[in-house]
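Down below is the structure, laid out as structure tokens.
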Amino acid sequence: MIIAIDGPSGAGKSTIAKILAEKLKIEYLDTGAMYRAVTKYVLDNQIDIYDKDKLKKALNNVHLDFKDSCIYLNGENVEKAIRSKLINENVSEVSSILEVREFLVKNQRDISSSKSTILDGRDIGTVVFPNADYKFYLYASIEVRAKRRFDQNLSNETLKQIKESIRKRDEYDSNREISPLKKADDAIEIDTSNLTIEETVDKIISYIR
Ligand code: DC
């Protein structure tokens, strides 16, 4: 079984997906963390993402693993490091590059091919698994989303800075040429602005047979 959860930053995707995975006893794959880890690699190694050959070679050296809800980049736990302001500012641009998307989409399909998985991201229901068993599109007002990220206290930014950074990323992610953030035609839309985590989880479970 594949469950796709897409939507903009701060809509509650990863929190909800983690709980659902536990309740349904299936795997959880945070695809945003994968784009963030590749962004960290590119920045740390000063890779020119517009030099296709160099980028392809560099991606051959990127190995991603998940252990105990943490992402590992070439053996190093980068779960915390990938939530920084610097990564927030660069991840949308890196995610818009074809070679990066091809590399990570293949990775995501390989990881999920042999076991029931819930994946959250931007293009799961449209590109990665267009035939997913269930597709959900979560969204919320920008005020609510910025407040949620602020309360998570992951990046040392003010509420105003977070709101602006989310707004910019949403705009970039929704308007990029390749696999933009977009609701799949057959996805169930859920506005989480006025829902608690439990209410959102229950709502999603009510659709799953
Ligand atoms: O879910 P997140 O905020 O951690 O995602 C970080 C960025 O990664 C987001 O701005 C867009 C990109 N992303 C993507 O392009 N496709 C995905 N499936 C997941 C994330």
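Taken together, the values in this text are just the output of simple stated rules run on the coordinates, not laboratory data. Since the model is a prediction, treat every value here as computed from it, not as a measurement. Note: ideal-geometry Cβ built from the backbone for every residue, glycine included; neighbour counts use all protein chains shown.
Work out the length of the dipole vector of the chain about its Cα centre, built from +1 on the beta-carbon of each Lys and Arg and -1 on the beta-carbon of each Asp and Glu, and round it to the nearest 20 debye.
Magnitude of the dipole: close to 160 debye.
Say the dipole of the chain comes from +1 at the beta carbon of Lys and Arg and -1 at that of Asp and Glu; which of Ile97, Asn45, Tyr172 then lies farthest toward its positive end?
Farthest towards the positive pole: Asn45.
List the trypsin sites (Lys or Arg not before Pro) within region 50-110 that fall in a DSSP loop (any state other than H, G, I, E or B) and whose Cβ has at most 14 other Cβ atoms within 10 Å.
Lys80
Given Lys13/Lys163; Lys23/Lys203; Lys106/Lys203; Lys23/Lys182; Lys85/Lys106, which pairs have Cα atoms separated by over 19 Å? Show your work: numbers first, answer last.
Working: Lys13/Lys163 17 Å; Lys23/Lys203 13 Å; Lys106/Lys203 30 Å; Lys23/Lys182 27 Å; Lys85/Lys106 27 Å.
Over 19 Å apart, Cα to Cα: Lys106/Lys203; Lys23/Lys182; Lys85/Lys106.
Among Thr117, Thr196, Thr31, determine the one that fluctuates most according to a GNM of the chain built with springs between C-alpha atoms less than 10 Å apart.
Comparing Thr117, Thr196, Thr31 in the GNM, the peak value goes to Thr196.
Are there GluC sites (Glu not before Pro) in region 106-209 that DSSP puts in a loop and that have at most 16 other Cβ atoms within 10 Å, and which ones?
On the way: sites: Glu143, Glu157, Glu164, Glu171, Glu177, Glu189, Glu198, Glu199; in loops: Glu157, Glu177.
For GluC sites (Glu not before Pro) across region 106-209 that sit outside H, G, I, E and B with at most 16 neighbouring Cβ atoms in 10 Å, the list reads Glu177.
How far is it, in nm, from the label point at Asp53 to the one at Leu154 when both lie 7 Å from their Cα along the line to the Cβ?
According to this spin-label approximation, the distance is 3.7 nm.
May I ask for the net charge around Asp6, where only other residues with Cβ less than 9 Å from the Cβ of Asp6 are counted and Lys, Arg are +1 while Asp, Glu are -1?
Overall, the nearby charge balance is +3.
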